[in-house]
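Have a look at the structure below, then the notes.
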Protein chains: 2
Amino acid sequence: MITDNSCGPSKYICYKLSRVMRKLYRYYESNLSTYGITPSQFYVLTVVWENDGLKFKELAKRLEMDGSTLTSILDRMERQDLVERRDDPEDRRSLLVCLKEKARANILEITNLAEKMDQEIKERFSREEYAIFEKVLESLFQD
Amino acid sequence: MITDNSCGPSKYICYKLSRVMRKLYRYYESNLSTYGITPSQFYVLTVVWENDGLKFKELAKRLEMDGSTLTSILDRMERQDLVERRDDPEDRRSLLVCLKEKARANILEITNLAEKMDQEIKERFSREEYAIFEKVLESLFQD
DNA sequence: TACCATTAATTGTAGTACCAACAAAATGGA
DNA sequence: TCCATTTTGTTGGTACTACAATTAATGGTA
């Protein structure tokens with residue numbers, strides 16, 4: 001058991017999930033630190049890589065992330081010269097998010113690393129077990 | 001799929017887990033807000049309720065939480081008069097964490113609410129599915 | 001044209017999380 | 001007894017997350 005299942009918060013699914021999440025996040029974090037990025041920044045890169053120059057609003061939507069959260073992540077990424085905010089010529093309220101050279105140069109390597117990490121995790125379970133795990137996650141994500 | 005599985009970060013398990021986590025956290029959060037506490041504060045209460053006056057260090061260990069995180073959570077809980085830090089008569093470096101009346105008065109009701117939320121989640125899956133889900137979580141938590 | 005509701009992004013605030021550095025206290029060996 | 005080491009909790013710094021309030025621009029309508 002994650003800890004003693006008979007007491008404490010360890011019986012609550014929300015608690016379990018948060019602990020596993022932290023663990024997995026740190027695993028990604030330590031591996032991605034080679035490239036000076038965090039897991040959340042990596043998620044941003046994958047979307048911008050596939051849709052360079054997309055609107056801030058659209059980026060936040062695809063990342064299922066509040067706009068204010070994305071603002072602070074982009075602030076850091078811009079400081080690190082990974083991405084750039086550009087004015088949207090069609091709407092002065094809107095921003096376009098663009099990949100910069102520094103990110104473009106590493107994105108494939110980073111993606112390979114992330115896929116390798118995922119593969120290592122999946123390999124620890126049977127195909128059926130992992131499918132059920134993902135199905136339950138999927139269902140928890142709805143409503 | 002959580003979003004389109006063919007692109008973006010949604011294929012990475014760490015991303016999926018973080019999104020599901022947030023969703024579940026907000027579900028707990030909105031329900032617990034009746035009692036003016038957050039999910040994390042609830043976790044603290046469950047441990048202190050079962051071990052009133054336990055050491056700060058031991059509390060952090062049982063919550064699998066960094067000491068500095070617990071410090072800030074206890075700061076807020078002390079301000080809300082839910083718990084109290086007391087000196088440890090046996091070790092002047094150490095602190096004992098004690099439940100206060102305000103928390104004691106509601107803890108059973110809160111626990112029932114949390115168990116009801118968990119029950120509602122579990123009911124959406126077969127016993128086998130949920131067992132496999134927990135087994136995978138368990139395994140991800142190790143190493 | 002002037003007004004107003006809507007939309008886009010940022011700022012402020014709060015909570016969670018962790019690491020490094022710190023101060024105070026305990027401990028243990030010389 | 002003395003001093004180095006370890007332990008304990010806090011502080012400071014950074015990051016991620018979201019909600020509420022704000023600012024700026026848009027777009028429709030009276």
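The values are calculated or read from the model by the stated rules, or taken from the named source; none is laboratory data. Remember, predicted model here, so these are calculated numbers, not experimental data. Cβ: placed from backbone, ideal geometry, glycine included. Neighbour counts: every protein chain shown. Quick note on the areas: whole protein, heavy atoms, side chains included, nothing else; ligands and nucleic acids left out. Shrake-Rupley method; radii C 1.70, N 1.55, O 1.52, S 1.80 Å.
Things to note:
- Most fluctuating residue given options A:121, A:37, A:13, as computed from a GNM of chain A linking Cα atoms under 10 Å: A:13
- Pairs of Cα atoms farther than 24 Å apart, chain B, %: 44 percent
- Of interest is the spacing of the C-alpha centroids, which for the stretch B:59-96 and the stretch A:101-138 amounts to 38 Å.
- Distances between copies at residue A:129, taken between label points 7 Å from Cα along the C-beta direction, are 1.9 nm in increasing order.
- Over 24 Å [Cα-Cα, the protein assembly as shown], rounded percent: 58 percent
- Among B:133, B:125, B:56, the largest mean-square fluctuation in a Gaussian network model of chain B, built with springs joining Cα atoms closer than 10 Å, belongs to B:133.
- Quarter of the Cα convex hull surface for the stretch B:2-62, i.e. its orientation-mean projected area (nm²): 5.7 nm²
- Label distances, nm, residue B:7 versus same residue in remaining copies, Cβ-directed 7 Å point: 5.3
- Highest-MSF residue in chain A out of A:29, A:129, A:64 [GNM, Cα springs under 10 Å]: A:129
- Listed residues A:34, A:46, A:111, A:71 arranged by accessible area, highest first, probe 1.4 Å: A:34, A:71, A:111, A:46
- Rounded to the nearest 10 Å², the accessible area of residue B:83 at probe 1.4 Å: 0 Å²
- Check: chain A dipole with +1 on Lys, Arg Cβ and -1 on Asp, Glu Cβ, in debye: 420 debye
- Pairs from B:61/B:100; B:102/B:122; B:55/B:100 whose Cα-Cα separation, in the structure shown, is over 27 Å: B:102/B:122
- Of all accessible heavy-atom area on the stretch B:8-120, the percent that carbon and sulfur account for (1.4 Å): 48 percent
- Counting only other chain Cβ atoms within 10 Å of each residue's Cβ, the peptide A:18-31 averages 6.
- Other residues within the sphere of radius under 12 Å centred on the Cβ of residue B:116, judged by their own Cβ, net out at -4 (K and R +1, D and E -1).
- Electrostatic dipole magnitude of the stretch B:95-143 [Cβ: Lys, Arg +1; Asp, Glu -1; Cα centre; debye, to 20]: 300 debye
- Low-density loop positions, GluC sites (Glu not before Pro), the stretch A:67-110 - DSSP coil, at most 11 other Cβ in 10 Å: A:90
- For residue A:109, label point 7 Å along C-beta direction: distances to other copies, nm: 5.8
- Helix-derived mean residue ellipticity, 222 nm - over chain B, DSSP H n ≥ 4, -39500 (n - 2.57), to 500: -19000 deg cm²/dmol
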